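Input: a single structure, listed below in structure tokens.
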Amino acid sequence: MVTLPRVLVVDDDPGFRAVLRELLQARGYRVVGEAGDGDAAVAAAAALRPSAAVVDIHLPGPDGLAVAPPQSLPPTRRAGLRGGARATRSPRT
């Protein structure tokens, strides 16, 4: 049986977070939490221990590039979004 990742959604736009949550859940992913800024993302990752995170690069406070390193979101797979058109992925550490 395949276990899909437990996902943390991080974006400063609540509407985008809602749409992404719906898309992920429709495909069987379990969205375990959301955050609207970099500080909240780090706190949520520590509390929820997601196995994956979708992180907006442009966030209030620490940006997505600052919160994506392994020391901030361990041991999470991360995907960063830029302008909704491109995605960057980091390998699992």
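Before moving on, here are some points about what is shown:
- Stretching the chain fully between Gln25 and Val2 yields a gain of 6.7 nm (0.36 nm per residue, less the alpha carbon separation).
- Residue-by-residue Karplus 3J(HN,Hα) for the stretch 23-37, coefficients 6.51, -1.76, 1.60, Hz, glycine and proline x: 4, 5, 5, 5, 9, x, 6, 9, 7, 8, x, 9, 9, x, 8
- Neighbour cut-off at most 14 other Cβ (10 Å), DSSP loop, trypsin sites (Lys or Arg not before Pro), the stretch 1-73: Arg27
- Zone residues, the stretch 1-30, relative to Asp63, backbone N less than 16 Å from point 7 Å out along Cα-to-Cβ: 11-13
Taken together, the values in this text are just the output of simple stated rules run on the coordinates, not laboratory data. These numbers come from a predicted model, not from an experiment. Note that we place each Cβ from the backbone using ideal geometry, even for glycine, and neighbour counts take in every protein chain shown.
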